[in-house]
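The values are calculated or read from the model by the stated rules, or taken from the named source; none is laboratory data. Everything numeric here is computed off the predicted structure, so don't read it as measured data. When we count neighbours, we look across all protein chains shown, and the Cβ atoms used for this are built from the backbone with ideal geometry, even at glycine. Surface areas here come from the heavy atoms of the whole protein model, side chains and all, with no ligands, DNA or RNA. Shrake-Rupley method; radii C 1.70, N 1.55, O 1.52, S 1.80 Å.
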Amino acid sequence: MHYLTQEEIVGVRKLLRITNTPYIVKNLSVHNSLAVIAIKVCLVHEITLAELKSNKRHRHLMKARVDFYYIASNYSKKRDADIARYLNRHHTVVIHYAKHHKPSADYKTIYGLLDQ
């Protein structure tokens, strides 16, 4: 298992401050954790982590959630149930995202951020 370096931890803390999220960075592992993906999705879509996890159904929030699901399912190899639990939703909502929604063009930008 790969743990974040000090520079990476400082970077994650900066990202968390930008998204108005309280942070706990103890043994945060690898770049493909759901938390890191969510933070980067929030930065690209200019929303807070609370908005990503909220029950609001605004178009820009739905696009961000679809991008989050698409990246998390393909990039982190997490199960649909784990992704849904992170978003405070039922796993069938995540299955709906996969069947009926396509990721926005921004997901390629987020993929680029994840590789950094």
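Examine segment 100-112 for a residue that is of a type in the set (Val, Ile, Thr), over 20 Å from Arg13 (Cβ atoms), open to solvent by 60 Å² or more (accessible area, probe 1.4 Å) and modelled with pLDDT under 85, and state whether such a residue exists.
Yes - at least one qualifying residue is present in segment 100-112.
Across segment 9-27, which residue is modelled with the lowest pLDDT among those that are in a helix (DSSP H, G or I) and open to solvent by 50 Å² or more (accessible area, probe 1.4 Å)?
Per the criteria, the residue is Ile18.
Which residue out of His58, His91 is over 23 Å from Gly11 (Cβ atoms), open to solvent by 70 Å² or more (accessible area, probe 1.4 Å) and modelled with pLDDT under 90?
When all the criteria are applied, what remains is His91.
When you check Arg85 against the structure, is it modelled with pLDDT of 90 or more and open to solvent by 10 Å² or more (accessible area, probe 1.4 Å), yes or no?
For Arg85, the condition - modelled with pLDDT of 90 or more and open to solvent by 10 Å² or more (accessible area, probe 1.4 Å) - is met.
I'd like the residue in segment 61-78 that is open to solvent by less than 10 Å² (accessible area, probe 1.4 Å) and among the small types (Gly, Ala, Ser) and, out of all such residues, is nearest to the chain's Cα centre (by Cα).
For segment 61-78, the residue satisfying everything is Ala72.
Is it the case that segment 28-50 has a residue that's open to solvent by 30 Å² or more (accessible area, probe 1.4 Å), at pLDDT 75 or above and charged (D, E, K, R)?
Within segment 28-50, one or more residues are open to solvent by 30 Å² or more (accessible area, probe 1.4 Å), at pLDDT 75 or above and charged (D, E, K, R).
So which residues in segment 30-76 are of a type in the set (Ser, Thr, Tyr), assigned to a helix (DSSP H, G or I) and farther than 14 Å from Val93 by Cα, if there are any at all?
Selection gives Tyr75 alone.
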